[in-house]
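Participant: Before I ask anything, let me first share the structure, which is written out below as structure tokens.
The values are calculated or read from the model by the stated rules, or taken from the named source; none is laboratory data. Just so it is clear, the structure is predicted and the values come from calculations on it, not from any experiment. Heads up, the Cβs are rebuilt from the backbone with ideal geometry, glycines too, and the neighbour counts pull from every protein chain shown. Quick note on the areas: whole protein, heavy atoms, side chains included, nothing else; ligands and nucleic acids left out. Shrake-Rupley method; radii C 1.70, N 1.55, O 1.52, S 1.80 Å.
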Amino acid sequence: MTEHNQGTRIRATGRRRKPPAKGRRALTVVAWGAAALVVVGGAGLGYAYVKLDGNLKGVDINAQLGKDRPQNVDNGSMDILVLGSDSRSGANSAYGKDEGGARSDTAMVVHVYPGHKKAAVVSIPRDTLIDRPRCTDDKGTAVPGEHRAMFNTAYEVGGPSCAVKTVESMSGIRMDHYIEVDFTGFTKLIDKLGGVEITTTRAIKDSKSHLDLAPGTHTLDGEQSLGLVRTRKSVGDGSDLGRIQLQQAFMKAFIDQVKSVGVFTNPKTLFDLADTATKAITPDSELDSVNELMGFAKGLSGLGADDVHMITLPVEYDPLDPNRVVPLEAQSQQVWKALKADKPIPASATKDAATGKADGLVK
């Protein structure tokens, strides 16, 4: 893997980002949807801009990243790193014991194609072994690179900027934006939506995530939704790959739910959702105002679940450690090259990849 790739990709904005502070800890399976929801709310509630702006705290990543990044030019496409962490500090302590520094619990690269009619989402397993590049943390301290480091250590050792640097190193694609969503904010957001409807094809019972679902259709509240997207050992082959399959299925259901709750016709619903979402997300510093979020997510709000192609980065179980995965190099490059060229990800890219064996469990 190279530490940077100066491609000829045209980017969504010529504006340079301001510099990052470490944001609130987050679960990001719904960060992209939450950002779109914020815009939907903000668009109809001009009187509430001051309050909603006050909810937003941006992270400024550009200063730490410097100039050693993929090229930033403009054709209307957009790439967003949606990242969560497994920190259990503060209010999030209800979801488990904090065993040290925060690590990225979930990572998705969202590529919105020019015209904003289609999008692709590439989930990066947190246990993926990669060559982590040198980076600079939020205090300006240099963090050395590491061979065969777990992907989620990038956030642990260097915060958001190091996570972005690592994804750019892997993909050769410049991230236009970065978003986190807070654990407790996630549950409140789902509750404000009235829950999210999903269908399970088999029973899911997981003592660690406190989830017990019989086969059938369920409307999950916030706590149950959080349990679902954190379930791992009791589904598929028990790996992070199976959990990612659950997260992707839930994200599609979440997108459909946002579109079905009538937020455009109910001012109170608009405000409640916008207020909850702006408290839940931590965006980069180019999205830390309602006006900026409106410009960003206006296009995303038109995307439905059927318009989003979701895959997991093609990986295989590591021959030296079956608890870890490593990228299938040729197939992974197929994925990144397709996104850089604004083309659909070919089916051949994921043909021989490990899956987690939880596909179809949730619909």
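Participant: Tell me the residue from Val308, Val335 that is touching a Leu at 6+ places or on another chain (Cβ under 9 Å) and either open to solvent by less than 60 Å² (accessible area, probe 1.4 Å) or farther than 30 Å from Thr217 by Cβ (or both), please.
Facilitator: Numbers: Val308 fails: touching a Leu at 6+ places or on another chain (Cβ under 9 Å).
From the options Val308, Val335, the qualifying one is Val335.
Participant: Okay, moving on. Kindly indicate whether any position in the stretch 226-233 is touching a residue at least 60 places away in the same chain (Cβ under 8 Å), closer than 23 Å to Ile124 by Cα and of a type in the set (Lys, Arg).
Facilitator: yes
Participant: Oh, and also: Under 7 Å between Cβ atoms, at least 6 apart or on separate chains: pull out the pairs that start in the stretch 143-156 with a residue that is more than 15 Å from Val326 (Cβ to Cβ) and end on any residue that is open to solvent by 90 Å² or more (accessible area, probe 1.4 Å) and outside any helix (DSSP H, G or I).
Facilitator: Val143/Arg134; Pro144/Arg134; Gly145/Arg134
Participant: Also: In the set Gly84, Gly115, Gly90, which member is among the small types (Gly, Ala, Ser), within 26 Å of Ala277 (Cβ to Cβ) and at pLDDT 75 or above? Steps first, answer last, please.
Facilitator: Numbers: Gly84 fails: at pLDDT 75 or above; Gly90 fails: at pLDDT 75 or above.
On inspection, the qualifying residue turns out to be Gly115.
Participant: Given (1) of a type outside the set (A, V, I, L, M, F, W, C); (2) within 18 Å of the chain's Cα centre (by Cα); (3) at positive phi, identify the lone condition not met by His309.
Facilitator: (3)
Participant: OK, next. Residues Ser260, Ser289: which one is modelled with pLDDT under 95, small (Gly, Ala, Ser), farther than 23 Å from Pro114 by Cα and open to solvent by 60 Å² or more (accessible area, probe 1.4 Å)?
Facilitator: On the way: Ser289 fails: open to solvent by 60 Å² or more (accessible area, probe 1.4 Å).
It is Ser260.
Participant: Next question. Among the numbered criteria (1) at pLDDT below 60; (2) within 12 Å of the chain's Cα centre (by Cα), which one does Gly44 miss?
Facilitator: (2)
Participant: Is the stretch 349-357 home to any residue that is in contact (Cβ under 8 Å) with a residue 60 or more places away in the chain, touching a Ser or Thr at 6+ places or on another chain (Cβ under 6 Å) and within 24 Å of Thr231 (Cβ to Cβ)? Don't jump to the end; show me each part of the working.
Facilitator: To start, the set of residues in the stretch 349-357 that are in contact (Cβ under 8 Å) with a residue 60 or more places away in the chain comprises 354-357.
Of the ones still in play, those that are also touching a Ser or Thr at 6+ places or on another chain (Cβ under 6 Å) are 356.
Then keep just the ones that are within 24 Å of Thr231 (Cβ to Cβ); that gives 356.
Within the stretch 349-357 (the criterion being in contact (Cβ under 8 Å) with a residue 60 or more places away in the chain, touching a Ser or Thr at 6+ places or on another chain (Cβ under 6 Å) and within 24 Å of Thr231 (Cβ to Cβ)), the answer is yes, since at least one residue qualifies.
Participant: From (1) under 20 Å from the mean Cα position of the chain (by Cα); (2) under 30 Å from Asp68 (Cα atoms); (3) at pLDDT 90 or above, pick out the condition that doesn't hold for Cys135.
Facilitator: (1)
Participant: Just to be sure before I move on: is Ser225 farther than 30 Å from Gln331 by Cα and touching a Phe, Trp or Tyr at 6+ places or on another chain (Cβ under 9 Å) in the structure I sent? Before you say what the answer is, go through the steps one by one.
Facilitator: Details: farther than 30 Å from Gln331 by Cα: yes; touching a Phe, Trp or Tyr at 6+ places or on another chain (Cβ under 9 Å): yes.
In short, yes.
Participant: Looking only at residues that are of a type in the set (D, E, K, R) and touching a residue at least 24 places away in the same chain (Cβ under 8 Å) in the stretch 122-140, which one is most open to solvent (accessible area, probe 1.4 Å)?
Facilitator: Going through the stretch 122-140, the residues of a type in the set (D, E, K, R) turn out to be 126-127, 131-132, 134, 137-139.
Remaining after also requiring touching a residue at least 24 places away in the same chain (Cβ under 8 Å): 126-127, 131-132, 134, 137-138.
On the way: Arg126: 42, Asp127: 13, Asp131: 54, Arg132: 19, Arg134: 148, Asp137: 23, Asp138: 57 Å².
Only one residue fits best here, namely Arg134.
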